[in-house]
Structures are given as structure tokens and as C-alpha cells.
Amino acid sequence: MAIQKSSPVFTNYHSHSHYCDGVEPPRAQVEGALQQNVGVFGFSSHGPVDFVNAWSMQAEKLADYLAETRALKSEFSDKIELYIGLEIDYLPGSCGPSTYASALDYTIGSVHYLDKNELGEPWEIDGSTEKFMRGLVEVHGGDIRKVIGLYYDRIREMLTLDPPDILGHLDKIIIHNLHNSLFDESDDWYQKEIDQTLDLLAETDCVLEVNTRGLYKKNLSTYPSMPIVAKALARNIPVMINSDSHAPAEITARLSDTALQLKQLGFKTLRILHNNAWRDVAFDGEGLYL
Ligand SMILES: [Zn+2]
Ligand SMILES: [Zn+2]
């Protein structure tokens, strides 16, 4: 008798809806996920921050977000496994993964802001390159090495003081370094920042996400890039693949070919939240075998 193997499904734990800067309500996300053969799906709007910005959830919407996603979780429980999370900014002294963790199934911790810009406002490091360059030049004298150091320091601080379940888009700051325009990513000093961060990550229980948004939005690379993912494998750091979707149609964008790349690197499993526990699951380009 042939051995029964469960049919593969995709998973995605990094997704945005109209509660933050995504489009469509959570219900449309669930319907999109079902159409795209997703077996486990996580909601992760940008958690509220204590200043005004263009993309975070407003604090007064949080209770509705939690109630609406919880209701969907039970309504669809026989069709898809749903989890409730947030992508939370690490802002020392203001908020971090632990700020919201008790209300959630899981947290994604991301660094989108680095101290203050030239106007004294929170300096957004994954917004427009024009804004990034203004802060770099006017606040830091154009010293990219210093700023990159501050960025990875901040991530290491989060991993030490307030570790999330999932580390969001580790090297996203290189979005401003197209064609190595600001520095060479193979330089020793940069690789040391990466190594130091991965060494620390390996000592935590955090899962490193391989985020595909840079592939389908910018035709760039995953965050982090594959050489960094290979370094994570060498340290036995668990990884998962997420699309960071901002619309239902993006939920499985570039998950399949990224899975194949990870297989080629030598990964045997992905770490996911399934049946309410973190588990290592076999996968291939067709999806994960739950
Ligand atoms: Zn993010
Ligand atoms: Zn995101």
C-alpha cells in the first residue's frame, strides 16, 4: 500500500490589511488565502505606535482588530488554521513585542525607525530613499557605516531585551543600497554586523523570516538576502517564509520559488506555528507538509 502523504499547503504569518497600510479587510485576506492553497495564515497588521505615521494601526482600532480576527478564527476553523499577530516596532522606551504579546498568538518584531531624523521626528529607515538619505546626511554626516551599525545594534537590542517570536525582514535597510550604491555588502565590517546579529539570534527562540516582498515589489531580493539565509542555516537558526502581503492577491507571492531556493541551500524544514505550537515541518516548492 502506498504511504499516504498529506498534500502540501502554503503558510504565511506576515500579512497586512486595511487595519494598517494594507488593502481589504481581514475576511478578504482569509478568502484570498483559501483560494491560494494556504493551510495556515497569520494576521499581522502594524501595531500602534505612539506618534502619527502613515502605516501603523491607530491605537483605538486595536480592540476591533482583535475581535474581528478572533471571530474569523473560529468561523473558519474547519477550513484554515488562523493565528492573530501583529508586526510590532521595536522603539526603545516606547514599544516592542512585549507591549502587545499577551493579546496575541505570536509577534513579529521589526525595526522600521532609528532614533530621530533631521526634523527631530522618528527616522523611518524603510520608507523612501530620499527621506533615508536626508537623515543619513543631515544627522549622521553621511556615515553609512555608523548608521548600519546603529540599525543592527537596535535589532540586537530587541533580540536581547524584548525578543519577538519572529524576526521581521532582518536586512531591510539595504533597500537603500541598490547596486551597492552606499557600501559593499561583502565588506568585512558589514559581514561582522550580520555575523554578530546571527550569533545572538541563534541563542534565542526567534524564528528568522525570509520575507519575499522585496522580490515581488522591487524585483530585488528576499529580506534577508540568500547569503545571510545561508549563514543562518550554518548556525541552525530556524526560518520561515513570509510574503509580507499588503493585499489578498500577494499572500503567496514568491513563496514557492523561495522555498526551492531554501531547499537548494540545504534547509530540510521550516519552523511554523501549527496546532498551537512551533514545529519544524518538511517542505518543497509545492508548500509545506503539515
Ligand atoms: Zn515591516
Ligand atoms: Zn510587514
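The values are calculated or read from the model by the stated rules, or taken from the named source; none is laboratory data. Computed from a prediction, not measured in an experiment: that's the story for all the values here. Ideal geometry is used to build each Cβ from the backbone, glycine not excepted, and the neighbour counts take in all protein chains shown.
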message: When you scan the stretch 224-235, do you find a residue that is among the basic types (K, R) and more than 20 Å from G109 (Cα to Cα), even just one?
response: yes
Residue list for the stretch 69-90, restricted to those being part of a loop (DSSP other than H, G, I, E, B) and among the aliphatic types (A, V, I, L, M): I80
- line: Conditions (1) in contact with a Gly (Cβ under 8 Å, 6 or more places away or on another chain); (2) among the hydrophobic types (A, V, I, L, M, F, W, C); (3) closer than 24 Å to P48 by Cα -> L136 fails only (3)
- prompt: If the Cβ limit is 6 Å and pairs must be 6+ apart or interchain, which residue in the stretch 257-271 that is farther than 21 Å from L220 by Cβ pairs with which residue that is modelled with pLDDT under 95 and surrounded by 13 or more Cβ atoms within 10 Å (Cβ to Cβ)?
  reply: none
- prompt: Do the conditions hold for D115, that is, is it more than 14 Å from ligand 1 (Cβ to nearest atom), of a type in the set (D, E) and in a strand (DSSP E or B)?
  reply: yes
task: Run down D162, D126, D153 and say which single residue is over 21 Å from G214 (Cα atoms) and touching a helix residue (DSSP H, G or I) at 6+ places or on another chain (Cβ under 6 Å).
output: D162
query: Quick check: is even one residue across the stretch 148-166 exposed (fewer than 15 other Cβ atoms within 10 Å of the Cβ), more than 16 Å from ligand 2 (Cβ to nearest atom) and more than 21 Å from the chain's Cα centre (by Cα)?
result: no
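Within the stretch 175-205, work out how many residues are within 16 Å of ligand 2 (Cβ to nearest atom) and modelled with pLDDT of 95 or more.
The total comes to 0.
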task: Please verify whether the stretch 10-19 includes one or more residues that are over 20 Å from T107 (Cα atoms), surrounded by fewer than 23 Cβ atoms within 10 Å (Cβ to Cβ) and either away from ligand 1 (no atom under 13 Å from the Cβ) or not hydrophobic (A, V, I, L, M, F, W, C) (or both).
output: no
- prompt: Among the residues of the stretch 67-126, which ones are charged (D, E, K, R), more than 16 Å from ligand 2 (Cβ to nearest atom) and within 14 Å of P164 (Cα to Cα)?
  reply: D105
query: If we keep just the residues of the stretch 265-284 that are out of contact with any strand residue (DSSP E or B) (no Cβ under 7 Å at 6 or more places or on another chain) and of a type in the set (G, A, S), which is surrounded by the most Cβ atoms within 10 Å (Cβ to Cβ)?
result: G266
